[in-house]
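What follows is a single structure, written as structure tokens, with notes after it.
The values are calculated or read from the model by the stated rules, or taken from the named source; none is laboratory data. Owing to the predicted nature of the structure, the values given are computational and were not obtained by experimental measurement. Note that we place each Cβ from the backbone using ideal geometry, even for glycine, and neighbour counts take in every protein chain shown. Areas reflect the complete protein model, heavy atoms only, side chains present, ligands, DNA and RNA absent. Shrake-Rupley method; radii C 1.70, N 1.55, O 1.52, S 1.80 Å.
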Amino acid sequence: MGADRGVRVPFNYLPQQFADPAPIMAAIAEVVASGDFTLGAVVTAFEAAFAAKTGAAHAIGVNSGTDGIKLSLRAVGVGPGDEVITAANTFVATVGAIAELGAKPVFVDVDDSLCLDLDALPAAIGPATKAIVPVHLSGTMADMAALNALAARHGVPVVEDACQAFMTLQDGRMAGTWGAAGIYSMHPLKFLNIWGDGGVIVTDDDALAAQLRLLRNHGLADRDTVVLMGTNSRLDSLQAAVALKMLPQADAIVARRNAIAARYDAAFAGLPGLRIPRRHPDVRHSFVTYQLFCDRRDALAVHCGAQGIEYKIHYPVPIYRQPALAEVLPAGARFPETDRQAAETLTLPVHQYLDDDQVEHVIATIRGFALGEAEAAQ
Ligand SMILES: Cc1ncc(COP(=O)(O)O)c(C=O)c1O
């Protein structure tokens, strides 16, 4: 089942990415020399560059993707007791942001593309629904034109959790720019990654942008005037300097990840016991992660490990099944596709530092496993 060729395929690429930290350290040194540590010129410059990259009218830097979701929901009017619809298969942060506002998460299952199931969505919308939060998991995205049309019919704003989907495009328009607001994470394992926590909200709505700028900075209209009760969720100025340095790499990163993913897709298509998540033809994926579904996922994971391939599982226990959610979940609520994905999904390295030997080793290992299993079953 694929001999060990001694090739190692690490999941973590940060040591390679930052092997030469000098250019970023120089940018940080400039901020230190200016003493401009709170918002200031570097944050403004980053926000302008980020808005230009996404095509949004406004970009607002915040201290995490989680806070970005929370503040955006608050800005579109979500408060205690309101219902917010989101995907049953997501990272805890989406749901945590809803819960922290005292709102109630209402889950909708995902489909086999990892996106919110748009056929299941209408049944979840009710009089208490105050927002819909599609999650662009792994760097793909749902049919946002259809989702927006549905939301508009019900008069419900859409806030996109695009934390994993910077650089994902649908019909040439970036994930995160379709809803009233969209939020990206700059966590070290995200596509635009900084040296700690940070996030960005984008919106085309001038009034929403103004409100979000207030919300992230204590509601301060100026040094001495508090016009609403906000919080401290400013993007750290040093991290903005890192982000500004990283932003120009985005096109090369997405191109390399797509090239690797295309080779994986071609090599894994039709193999017994394996399935590739459905790809939307009009979506340019960003492949923050590359996920594969496998009947015998745990055995494949062990096999990958033995062959020097590091992997992850996104996510082994769905958020809706976590003990913290037991109280808000309707009795007996089940999301079969989310459950299936939790049992079958395996995340393989797809990062831009993989060389051709490493990509071939992943392909040979997965193919060897699938074909060996099929032979053994005969
Ligand atoms: C789908 C999703 N939503 C929200 C977040 C939260 O982002 P952050 O870690 O920047 O708070 C993440 C980050 O992992 C995520 O993957």
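Holding the Cα-Cα limit at 18 Å, pick out from 245/312; 104/312; 104/130; 70/104 the pairs that are longer than that.
On the way: 245/312 28 Å; 104/312 29 Å; 104/130 10 Å; 70/104 13 Å.
Where the Cα-Cα span goes over 18 Å, the pairs concerned are 245/312; 104/312.
Ligands, DNA and RNA aside, residue 167 has an accessible area near 0 Å² when probed at 1.4 Å.
Largest GNM mean-square fluctuation among 225, 365, 54, using the chain with Cα springs under 10 Å: 225.
Please give the helix 65-75 orientation as an angle from the longest Cα principal axis of the chain, in degrees from 0 to 90, rounded to the nearest 10. Its long axis makes an angle of about 50 degrees. For region 234-303 and region 356-378, what is the separation of their C-alpha centers, rounded to whole Å? Cα centroid to Cα centroid, the span is 19 Å. Hey, if you drop one equal point scatterer on each alpha-carbon of the chain and run the Debye formula without solvent, what base-10 log of I(q)/I(0) do you get at q = 0.14 Å⁻¹? Here log10 of I(q) over I(0) equals -1.21. Residues in the chain average 40 Å² of solvent-accessible surface per residue, probe 1.4 Å, ligands and nucleic acids excluded. Considering only 344, 30, 47, the mean-square fluctuation computed in a Gaussian network model of the chain, springs between alpha carbons under 10 angstrom, is largest for 30. Seen from a random direction on average, the alpha-carbon convex hull of region 179-248 projects onto 5.5 square nanometres. Pick from 328, 254, 135: which is most flexible by mean-square fluctuation in a GNM of the chain where alpha carbon atoms under 10 Å apart are linked? Comparing 328, 254, 135 in a Gaussian network model of the chain, the most mobile one is 328. For the chain, the longest piece that avoids every one of the trypsin sites (Lys or Arg not before Pro) found in DSSP loops with at most 15 other C-beta atoms within 10 Å covers 9-222.
Once neighbouring chains are kept in place and the probe is 1.4 Å, which whole percent of the accessible area of region 265-340 is contributed by carbon and sulfur?
57 percent
Could you look at region 16-248 and say what percent of its accessible area is carbon and sulfur, using a 1.4 Å probe and all protein chains?
Working: 4740 of 8460 Å².
Answer for region 16-248 is 56 percent, counting heavy atoms of protein chains only.
In terms of overall dimensions, region 261-378 has a Cα radius of gyration and Dmax of 15.9, 50 angstrom. Summing Cβ point charges (Lys, Arg +1; Asp, Glu -1) relative to the Cα centre of the chain gives a dipole of roughly 100 debye. Of the whole protein surface, residue 276 contributes about 50 Å² of accessible area at a 1.4 Å probe radius.
Ranking 178, 195 by solvent-accessible area of protein heavy atoms (1.4 Å probe, all protein chains present), from largest to smallest, gives 195, 178.
Given charges of +1 on the Cβ of Lys and Arg and -1 on the Cβ of Asp and Glu, with all other atoms neutral, how large is the dipole of region 249-377 about its Cα centre, in debye to the nearest 20? Please list the in-between numbers first.
Numbers: 14 positive and 16 negative charges, 67 e Å.
Roughly 320 debye for region 249-377.
Please determine, in degrees from 0 to 90 and to the nearest 10, the orientation of helix 22-34 with respect to the longest principal axis defined by the Cα atoms of the chain, where the helix direction is its Cα long axis. In the chain, helix 22-34 runs at an angle near 10 degrees to the longest axis.
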